[in-house]
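Structure first, then comments.
The values are calculated or read from the model by the stated rules, or taken from the named source; none is laboratory data. Since the structure is predicted, the reported quantities are computational estimates derived from the model, not experimental observations. Cβ placement follows ideal geometry from the backbone for every residue including glycine, while neighbour counts extend to all protein chains displayed. SASA here: full protein model, heavy atoms, side chains in, ligands and nucleic acids out. Shrake-Rupley method; radii C 1.70, N 1.55, O 1.52, S 1.80 Å.
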Amino acid sequence: MIELRGVTKKFGTSTHALSDINLSVSEGEFIFVVGPTGSGKTTLLRLLTREVVPTSGDVTIEGENLAKIKGDKISHLRRKIGVVFQDFKLLTDRTVFENIALPLEINGLNSKDTHVKVDAMLETMDLIKQQNLFPIQLSGGEMQRVAIAMAIITEPKILLADEPTGNLDPGTGWGIIKLLKDINKKNNVTIIMATHNADVVNSMGKRVVRIEGGKIIKDQKEGKYDRD
């Protein structure tokens with residue numbers, strides 16, 4: 001489903017964020033990407049959303065070379081991919097309901113169908129009581145559930161999560177991990193999660209890709225988090 005072949009990404013003339021990356025991800029996999037701060041984890045995710053393109057090598061999703069697509073094809077690609085960030089990235093002047101509805105509105109879904117889908121998502125995410133609240137009125141866990149709802153409301157095939165538990169207390173963080181695990185299992189969504197949370201990685205028994213200095217140094221099917 002996702003292929004990176006010989007991928008190098010440089011910023012400026014000498015800074016290598018990633019060097020000669022080779023990685024294959026199958027549909028429905030749940031992968032942890034780990035490594036020290038600055039190792040290249042976020043750059044890897046940005047390549048998959050085509051925020052950046054590789055300096056050399058190929059990044060393909062479902063056979064489509066991301067460096068070669070343009071215009072509407074970029075928008076179409078991004079509809080296949082949901083992204084969850086550490087800092088939530090909610091619109092502070094919109095309610096929970098309005099935030100979750102936004103991706104559907106951008107995709108041109110009519111008001112009636114948007115309402116139906118958002119209502120169902122609010123129930124799934126246990127956010128019905130919070131639907132008319134603004135982000136400033138929410139807890140960290142609630143904000144992250146809203147962010148995940150926004151990422152999956154359009155039914156993407158791929159979900160990228162960049163430190164989704166980084167700003168949460170351990171108990172709330174585990175709730176978010178369970179939610180992601182359920183999304184992966186029930187909807188067959190491919191999940192790639194960048195994290196420093198060793199306890200989560202070690203308890204899940206999922207594939208672990210470790211990046212250091214812009215290079216993949218380990219790729220284990222049922223891996224563990226080697227302490228930095």
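Could you please let me know if Ile191 is out of contact with any strand residue (DSSP E or B) (no Cβ under 6 Å at 6 or more places or on another chain) and either of a type in the set (Val, Ile, Thr) or within 26 Å of Ala147 (Cα to Cα) (or both)?
no
Can you find, within the stretch 109-127, the residue that is modelled with the lowest pLDDT among those that are open to solvent by 30 Å² or more (accessible area, probe 1.4 Å) and hydroxyl-bearing (Ser, Thr, Tyr)? Talk me through it step by step, then tell me what you get.
Just the residues of the stretch 109-127 that are open to solvent by 30 Å² or more (accessible area, probe 1.4 Å), to begin with: 109-113, 115-117, 119-120, 123-124, 126.
Okay, now just the ones that are also hydroxyl-bearing (Ser, Thr, Tyr), so 111, 124.
Numbers: Ser111: 96, Thr124: 92.
Checking each candidate, the answer is Thr124.
If you go through the stretch 141-167, how many residues are modelled with pLDDT of 90 or more, within 18 Å of Val34 (Cα to Cα) and surrounded by fewer than 22 Cβ atoms within 10 Å (Cβ to Cβ)?
Result for the stretch 141-167: 2.
Give the residue that is modelled with the lowest pLDDT, with candidates limited to residues of the stretch 84-100 that are open to solvent by 60 Å² or more (accessible area, probe 1.4 Å) and hydrophobic (A, V, I, L, M, F, W, C). Let's see the steps before the verdict.
Looking only at the stretch 84-100, we keep the residues that are open to solvent by 60 Å² or more (accessible area, probe 1.4 Å), and these are 85-87, 89, 91-94, 98.
Still in the list and also hydrophobic (A, V, I, L, M, F, W, C): 85, 91.
Details: Phe85: 87, Leu91: 96.
Per the stated criteria, the residue is Phe85.
To keep it simple, each residue is scored yes or no on (1) closer than 28 Å to Leu77 by Cβ; (2) out of contact with any strand residue (DSSP E or B) (no Cβ under 9 Å at 6 or more places or on another chain).
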residue	(1), (2)
Gly108	yes, yes
Ala120	yes, yes
Ile136	no, yes
Ile148	yes, no
Asp169	no, yes
Lys185	yes, no
Asp199	no, yes
Arg207	yes, no
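For the stretch 184-210, name all the residues that are open to solvent by less than 10 Å² (accessible area, probe 1.4 Å) and either in a helix (DSSP H, G or I) or of a type in the set (Phe, Trp, Tyr) (or both).
Within the stretch 184-210, Ala198, Val200, Val201 meet the criteria.
Between a first residue in the stretch 12-27 that is free of Cβ contacts under 8 Å to residues at least 40 places away in the same chain and within 16 Å of Leu48 (Cα to Cα) and a second residue that is part of a strand (DSSP E or B) and open to solvent by 20 Å² or more (accessible area, probe 1.4 Å), which pairs have beta carbons less than 6 Å apart while being 6 or more apart in sequence or on different chains?
Ser24/Glu3
Take Lys218 and decide whether it is in a strand (DSSP E or B), under 21 Å from Leu45 (Cα atoms) and either open to solvent by 50 Å² or more (accessible area, probe 1.4 Å) or among the charged types (D, E, K, R) (or both).
Details: in a strand (DSSP E or B): yes; under 21 Å from Leu45 (Cα atoms): yes; either open to solvent by 50 Å² or more (accessible area, probe 1.4 Å) or among the charged types (D, E, K, R) (or both): yes.
Criteria met by Lys218.
With respect to Lys68, determine if the residue is open to solvent by 60 Å² or more (accessible area, probe 1.4 Å) and in contact with a helix residue (DSSP H, G or I) (Cβ under 7 Å, 6 or more places away or on another chain). So that I can check it myself, show each step before the final result.
Numbers: open to solvent by 60 Å² or more (accessible area, probe 1.4 Å): yes; in contact with a helix residue (DSSP H, G or I) (Cβ under 7 Å, 6 or more places away or on another chain): no.
In short, no.
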